[in-house]
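Participant: Here it is, the structure in full.
Rule-based calculations on the coordinates, nothing more; no lab input. Predicted, not measured: the structure shown is a model, and the values here were computed from it. Quick reminder, even Gly has a Cβ in these numbers, built from the backbone with ideal geometry, and neighbours come from all protein chains shown.
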Amino acid sequence: MDRIIRPSELQDILGVTSSTLWRMEKEGRLPARIKISERAVGWRKSDIEEWIANRPDADITRSKTALK
């Protein structure tokens, strides 16, 4: 089973604030999130890893090391 990355962890991985994270999601620049419960969401680790791997290199240096 794929591990779920919660919003606060994804913020740390990407080095962005919560406002930026939600803006990226609204603009369609993040993989689709999944609903964990009524008030909780997250992203599949494999979806985030694939998304990071397909971003321009200049934009992912910090993110690649944060997922290890």
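Participant: Among Ser19, Ser37, which comes first, then next, by fewest other beta-carbon atoms within 10 Å?
Facilitator: Values: Ser19 9, Ser37 6.
Ordered by Cβ neighbours within 10 Å, fewest first: Ser37, Ser19.
Participant: For Ile36 and Arg55 in one chain, what is 0.36 nm times their gap in residues minus the Cα-Cα distance, to one decimal in nm? The partial results should precede the final answer.
Facilitator: Details: separation 19, 0.36 × 19 = 6.84 nm, distance 2.61 nm.
Answer, rounded to one decimal: 4.2 nm.
Participant: Counting other beta carbons within 10 Å of each residue's own, what order do Trp22, Trp43 fall into, fewest first? Intermediate values should be presented prior to the final figure.
Facilitator: Details: Trp22 13, Trp43 23.
Starting with the residue having the fewest Cβ neighbours, the order is Trp22, Trp43.
Participant: Which ³J(HN,Hα) values in Hz, rounded to whole numbers, follow from the phi angles of segment 42-48 under the Karplus curve 6.51 cos²θ - 1.76 cosθ + 1.60, where θ = phi - 60° and Gly and Pro get x?
Facilitator: Those phi angles translate into x, 10, 5, 4, 5, 5, 5 Hz.
Participant: Using only Cα atoms, what Kirkwood radius does segment 1-59 have, in angstroms?
Facilitator: Values: mean 1/r = 0.0841 Å⁻¹.
After inverting the mean inverse Cα-Cα distance, the result is 11.9 Å.
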